[in-house]
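> Quick one: structure below, then a few questions.
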Amino acid sequence: MRWWRRRLVGVMACALPAGATTPGIDPDRCAELIERLRCEAPLLIRFSLHASVAVFLLSPLVTVGRPCPASWLSAENLDRHTARMARHPSYLLRQAMLMIKTVAGLCWGADPAVRRALGMEPYPAETGEWRRM
Amino acid sequence: MAADVIAPRAHLSFQTGAPVELDVDYVVVGSGAGGAAAAATLARSGRTVCLCERGPWRDPEHYPATVYGAMRDLWADWGTLFARGRSMIPILQASCVGGTTVINSAIVVRTPPTVLAEWAELGLGEVFSETAMGAEQDELERELGVTQMKGRQLMEHSEALLRALRSRDLEGHAIHRNARDCIGSGQCLQGCREGAKTSTNLCWVPEVATRGGTVLSCASVARVLIERGRAVGVSGRFVHPAPARGQRRGGSRFVVRARRGVLVAASATGSAPLLERSGLRLPALGRGWRGQPGAAMLGVYPHEVHMERGTTQGAASLAFSSERFKLESLALPLELLVARVGGAGVDYARALEQAPRMAMWVAAVRAEAQGTVRAGRLGPPVVRYAPTRRDTERLRQGLGRLARLHFDAGAEKVLPGIHGLPGELGPDELTALDSAPVDNRCYTWVLSHLFGGCVMGNDPTRSVVAEDLHVRGVRRLHVVDAACLPTTLGVNPQHTIMAVARIVAGRIANEEGTT
């Protein structure tokens, strides 16, 4: 399972790498988010995420013409695969990438380092509390 | 002045152990715009009311700040409800005390006279006349402290849209909102932590409790109890909002017996499935489901816009109502902007670096499409709905208008987010938008204004409720939310839902029994 979790984080990092002035997705925060999703999120979200990552890993043949898993691609081809999957004619592939980007965005967009780089206020802490009485 | 949080006298949250039983005059299912409005009206008339809400009761200081927190704590089913058709369109609703009024942009728009005229043509003009709706909406605006946004509340993101509309001599206005002292924290979608938004969990729900009623939160109603053709209460089970791993989600069962009647306001995705689970078999149940789907056009400006500053939605235009779409500014939190900006990988990361210079405006279509909503076998409802080709053409037209308005306001480029078009378009490339594909899978739709499933009307074969909103074939059972609206509105529906619910609840309260 650790191997799979590393793959999940790796795919998120491909979707949202560092820009010239902004950090990319933080692998530690991403791993933490995936663990929180495992504990808290409904089955549909977890299933969709894992299925989308599996589609990402298995689809280089239809995006860059390489009959191998995405994890075997060179850095250049991997980025090409990522970009082409997001704009692929197949709705299924595009939706799989949208799911990956959505989860990556939950991690990246709340990262204080990213928000600082973009001139945005960091988020305050959350209690998750509700009225019990 | 922000709304005061009134301590309720009777609130029951998640319970385990022995079943909970209550006897009241009326039970209301759902605490959003329709349910809370109806419950407060009944409580004011001296009736004892029990308000049942599936989600937990959170106060503003406990609202989440992040989108992840909002999905977990406020959004219904973590935002995983989709309209299934040719494409998957996400449906944004809340599941908490206050319902979607907690996470919407608190936009207050009166029911357009054209819509009331359409209702009158359907034979529904007696109860919901222009005079009755107008008087009710006057009162609602006073009660909820509706104000027009201005100054720091708008900020550049919305001001730019107003400027662009003015430059083309098009109607445009700062939005009226039930948010008295909005400081423009840009957190509407995650719930207003400042407590400025007068969502129903801050006004009418506590009022129900202080007037001797009972609020059941984390209380999922499974069915309406019907005996000898008469609604006599509801039953369900408490559901833990955040169970620890290994902890059971389900808690005690509850039964609320209602001496005078049951009012269902479980939303356009919840009311029809609840009646279906309760054994009703009306031909129109779950049909006539409608929406106002929309999509966004991003503009990238030479200067910083910081759309996260200012109110989430500050400006709107109804200039194209006759063409069945409206335009609005809408600020997305950074986490969601990631999903909206097209592409992935290195070039995409560079595009996201422009986030502080982006402004997002949306076109929402008064769609013609109709779908269905049914009770799902696994819990969440199943919505089948697909915008028609004409709806998609209207959206394309709206997005084209928005792109041109962005350039009028000084944008360098726009990011259309339409599959089949380049990721960025300059001012000389806008003709590409006019020939964009008319395939709803090519657009990033979102559905937030929902109607139908328990449509009102005079024809028993095509409606679930009559004009007084009583459910056909069952005495003392009413539907008082967006599910009963017979048409789309072309504007934000909260104000209409509240007015309709209050008018009907007032009539119910004034009757000795109910229909």
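> Note down the relative contact order for the range A:28-112 as a percent, whole number, built from C-alpha pairs under 8 angstrom at least six residues apart.
On the way: 62 pairs, mean separation 25.5, N = 85.
Relative contact order comes out at 30 percent.
> Another question about this same structure. So if I take the alpha carbon set of the protein assembly as shown, get Rg, then get Rh from the Kirkwood formula, what is the Rg over Rh ratio? The partial results should precede the final answer.
Values: Rg = 24.1 Å, Rh = 25.0 Å.
Ratio of gyration radius to Kirkwood radius: 0.96.
> Provide the percentage of antiparallel DSSP beta bridges, counting only those with both residues in chain B; round to the nearest 5. It would help to have the intermediate numbers written out before the result.
On the way: 52 of 78 bridges.
Taking every DSSP beta bridge within chain B, about 65 percent pair in antiparallel fashion.
> Considering chain A as a Gaussian network with a 10 Å cut-off on Cα pairs, which listed residue, A:15, A:96, A:83, attains the greatest mean-square fluctuation?
In the Gaussian network model the winner is A:83.
> To continue, here is another question. Work from the charge dipole of the range B:191-239 (Cβ charges, +1 for Lys and Arg, -1 for Asp and Glu, about the Cα centre) and give the residue of B:219, B:201, B:234 farthest towards its positive end.
B:234
> Moving on. Calculate, axis by axis, the spread of Cα positions in chain B along the three principal axes, and write the results as whole Å, longest axis first.
68, 49, 42
> Here's another thing I want to ask about it. Counting Lys and Arg as +1 and Asp and Glu as -1, each charge on the Cβ, what is the dipole of the protein assembly as shown about the Cα centre in debye, to the nearest 20?
2160
> I would also like to ask the following. Of the residues A:21, A:102, A:82, which exhibits the maximal mean-square fluctuation in a Gaussian network model of chain A defined by a 10 Å Cα contact cut-off?
Ranking A:21, A:102, A:82 by mean-square fluctuation puts A:21 first.
> Helix A:75-86 versus the longest principal axis of chain A: what angle, 0 to 90°, nearest 10, using Cα atoms?
80
> List the GluC sites (Glu not before Pro) within the range B:27-131 that fall in a DSSP loop (any state other than H, G, I, E or B) and whose Cβ has at most 11 other Cβ atoms within 10 Å. Before the final figure, lay out each step's value.
Details: sites: B:53, B:61, B:118, B:121, B:126, B:130; in loops: B:53, B:126.
Of the GluC sites (Glu not before Pro), the ones in loops of the range B:27-131 whose Cβ has at most 11 other Cβ atoms within 10 Å are B:126.
> Around residue B:151, under 13 Å between beta carbons, what's the net of Lys plus Arg minus Asp minus Glu among the other residues?
Numbers: positive: B:150, B:152, B:309; negative: B:156, B:159, B:181.
Net local charge, residue B:151 excluded: 0.
> Farthest toward the dipole's positive end in the range A:28-112, which of A:89, A:58, A:77, given Cβ charges of +1 (Lys, Arg) and -1 (Asp, Glu) about the Cα centre?
Value: A:89.
> Right, another one. For chain A, modelled as a GNM with alpha-carbon contacts under 10 angstrom, which of A:14, A:30, A:39 fluctuates the most?
Looking only at A:14, A:30, A:39, the biggest GNM fluctuation is shown by A:39.
> Moving to a separate point now. Alpha carbons only, please: Rg and Dmax for the range B:25-94, in angstrom.
15.6, 49
> Using only the alpha carbons of the range A:28-112, what is the convex hull's orientation-averaged projected area in square nanometres? Please report the intermediate quantities before stating the final value.
Working: hull surface 24.1 nm².
Mean shadow area of the hull around the Cα atoms is 6.0 nm².
> Let me check I've understood the local charge: for residue B:453, count other residues with C-beta under 11 angstrom from its C-beta, Lys and Arg +1, Asp and Glu -1. What total comes out? Intermediate values should be presented prior to the final figure.
Numbers: positive: B:287, B:290, B:374; negative: B:276, B:481.
Combined, the nearby Lys, Arg, Asp and Glu give +1.
> Put a dot 7 Å past each Cα toward the Cβ at residue B:347 and residue B:181; how far apart are the dots in nm?
Placing both labels 7 Å along Cα→Cβ, they lie 4.9 nm apart.
> Here is a follow-up. Helix-only mean residue ellipticity at 222 nm, chain B, DSSP H runs n ≥ 4 weighted -39,500 (n - 2.57), per residue, nearest 500. What is it?
Values: 12 runs with 125 residues, N = 515.
Only helices count here, giving -7000 deg cm²/dmol.
> Using θ = phi - 60° and the Karplus curve 6.51 cos²θ - 1.76 cosθ + 1.60, what whole-Hz ³J(HN,Hα) does each residue of the range B:88-102 get, with Gly and Pro shown as x?
My calculation for the range B:88-102 gives 9, 10, x, 10, 9, 9, 10, 10, 6, 5, x, x, 6, 5, 6 Hz in order.
> Note the angle between two axes, namely the Cα long axis of helix B:494-510 and the longest principal axis of the Cα atoms of chain B, as a number of degrees from 0 to 90, rounded to the nearest 10.
In chain B, helix B:494-510 runs at an angle near 20 degrees to the longest axis.
> Between B:258, B:329, B:359, whose Cα lies farthest towards the positive end of the dipole of the range B:247-401 when Lys and Arg beta carbons carry +1 and Asp and Glu beta carbons carry -1, centred on the Cα centre?
Of the candidates, B:258 comes out farthest on the positive side.
> Consider just the alpha-carbon atoms of the range B:199-255 and return their Rg together with their Dmax, both in angstrom.
Both quantities, over Cα of the range B:199-255: 14.5, 43 Å.
> Which value results for Rg/Rh of the range B:328-410 when Rg is the Cα radius of gyration and Rh the Kirkwood radius based on the inverse mean 1/r? All intermediate terms of the calculation are to be shown ahead of the outcome.
Values: Rg = 17.0 Å, Rh = 15.7 Å.
So for the range B:328-410, dividing Rg by the Kirkwood Rh gives 1.08.
> Treat each spin label as a single point 7 Å out from the Cα along the C-beta direction, and report the residue A:51 to residue B:169 distance in nm.
With each label point 7 Å from Cα toward Cβ, the separation is 5.3 nm.
> Would you please name the trypsin sites (Lys or Arg not before Pro) within the range B:395-469 that are DSSP coil residues with at most 15 other C-beta atoms within 10 Å of their C-beta? Write down the numbers at each step before the final one.
Details: sites: B:396, B:401, B:404, B:413, B:441, B:462; in loops: B:462.
Passing sites in the range B:395-469 are B:462.
> Let me ask you something else. If one takes the longest principal axis of the Cα atoms in chain B, at what angle in degrees, from 0 to 90 and to the nearest 10, does the Cα axis of helix B:155-167 lie?
Orientation of helix B:155-167: about 70 degrees from the principal axis.
> What does the charge count around residue B:231 come to, taking other residues whose C-beta lies under 9 Å from its C-beta (Lys +1, Arg +1, Asp -1, Glu -1)? Walk me through the numbers before you get to the answer.
On the way: positive: B:230, B:475, B:476; negative: B:227.
Taking every other residue near residue B:231 into account, the sum is +2.
Computed from the coordinates by the stated procedures, all read-outs in this text should not be read as laboratory data. As the structure is a prediction and not an experimental result, all values here were calculated from the model. Note that each Cβ is placed from the backbone with ideal geometry, even for glycine, and that neighbours are counted across all protein chains shown.
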